[in-house]
Structures are given as C-alpha cells and as structure tokens.
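To keep things clear, I will list the structure first and then write my remarks on it.
The values are calculated or read from the model by the stated rules, or taken from the named source; none is laboratory data. Treat the numbers as computed from the prediction; the structure is a model and nothing was measured. Don't worry about glycine lacking a Cβ; one is built from the backbone with ideal geometry, like all the others, and counts go over all protein chains shown.
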Amino acid sequence: MLPFAPPVGLKTDRLGLRALRLEDAEPLFATYTSDADVARYLPWRRHHTLAETEAMIRYGEDLAASGSAYLLAIVLRAHDNPIGLLNLSDGDHGVSLGFGLARRHWGNGYSSEIITSVTGWLLDQTAIWRVWGYCDEANEASALVMTQAGMQFEGAVRRFATHPNISSEPRACKLFAAVRS
C-alpha cells in the first residue's frame, strides 16, 4: 500500500495533476490511448475502442481504492483537459512512476516538468526514500526525461518488461532513480 495520498492538485507553472474521471475517456482515447506512437513503449496494448479506455479508468479507480497505485491525469492548467497520464505504484521504501503524453504535446518539456515536480514531492514524503522508473532500452525520449528530472541511470536490465505494442517477449530496459539522502 502506498504510504501517501495521491498528489492531486500538484501544480507546476504549466501543468497539474488530478484524479481521472470517466469523462476523460473520450479525449484520452482520441489523443493518447489509441495512438500507436504514444502506446509503442507502454506496458499495455493500444486501445481500439473507447470502452477499453473507460475500462482502464475504472481499473485505475480500483487500484486507487486499494492504495496500491494511483493513475492520474496530467493536465494543462489553462484548460484542465487530460494530455497524458502518470502512474505511481507501490515499492519497498519507494515509488515507481510511469508517464506518457499525447503526441501533440511532445517536445514542450512537459514530461520533464511534471516528473521533476512529482519526484521532488514524493521524496518530501516521510516514508519515501526512492523514486524510480524504467523505459525500454530504445526509448531515448523517456530516458532523457528521467535524466532531466534529476534521476540517475542505474543500469540496464535484460528481459525486464513487456511492451506488447513492440513484442510479446520481455525486453531490455534502462532503470533510473532519484533517492533521498
């Protein structure tokens, strides 16, 4: 169980985090969950129907209710519509994070901005000593985001995670982490 409440309401200069709502399914499906390029390195298959995105949101609600993970909407502060997702999962003395943005928002520094803020917030929590994430070895953009957010490369792990939009076999991944001193 995660030792903190979800960081809903966390804000940066341009972005915010909030709870996912079922009405987010349509804009997420249109720009995020159905996009093959966005889903390429994600741990779930690209969605082909709106119902799949709705089911993902309901699953996120169930995870939050159990306290084992939080699936949150990344929003532009100017309009509150979801532009991506942040996942925070339980780990020993730490939290694993995963993230993604709709393609039209790539290249604006949004991922680095929100991951830097979330990492700092998490490391300020008493029970959190480590924030970590991983990406497919070929996902240079996510590796750069985690480095820009202050995480350090810890190593590569063979056959670590499945990215079903690429292969059904586990692939090599790069691990990054930030730790509290």
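Tabulated results
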{"quantity": "Test: residue 62 is under 29 Å from residue 130 (Cα atoms), of a type in the set (Asp, Glu) and touching a residue at least 60 places away in the same chain (Cβ under 8 Å)", "calculated": "no"}
{"quantity": "Subset of the stretch 91-105 [assigned to a strand (DSSP E or B) and under 13 Å from the mean Cα position of the chain (by Cα)]", "calculated": "95, 96, 97, 98, 99, 100, 101"}
{"quantity": "One residue from 5, 51, 25 being assigned to a helix (DSSP H, G or I), loosely packed, with under 15 Cβ neighbours inside 10 Å and free of Cβ contacts under 8 Å to residues at least 40 places away in the same chain", "calculated": "51"}
{"quantity": "Any chance residue 149 is touching a Pro at 6+ places or on another chain (Cβ under 8 Å) and under 24 Å from residue 114 (Cα atoms)", "calculated": "no"}
{"quantity": "Residues that are in a helix (DSSP H, G or I) and loosely packed, with under 15 Cβ neighbours inside 10 Å, drawn from the stretch 124-171", "calculated": "140, 141, 144, 147, 148"}
{"quantity": "Restricting the stretch 71-122 to residues that are under 13 Å from residue 14 (Cβ atoms) and among the acidic types (Asp, Glu), the residue that is surrounded by the fewest Cβ atoms within 10 Å (Cβ to Cβ)", "calculated": "80"}
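Listed here are the residues, each with its yes/no results for (1) touching a helix residue (DSSP H, G or I) at 6+ places or on another chain (Cβ under 8 Å); (2) within 23 Å of residue 103 (Cβ to Cβ); (3) modelled with pLDDT of 95 or more.
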{"position": "2", "(1), (2), (3)": "no, no, no"}
{"position": "6", "(1), (2), (3)": "yes, no, no"}
{"position": "24", "(1), (2), (3)": "yes, yes, yes"}
{"position": "28", "(1), (2), (3)": "yes, yes, yes"}
{"position": "35", "(1), (2), (3)": "yes, yes, yes"}
{"position": "53", "(1), (2), (3)": "yes, yes, yes"}
{"position": "57", "(1), (2), (3)": "yes, yes, yes"}
{"position": "61", "(1), (2), (3)": "no, no, yes"}
{"position": "67", "(1), (2), (3)": "no, no, no"}
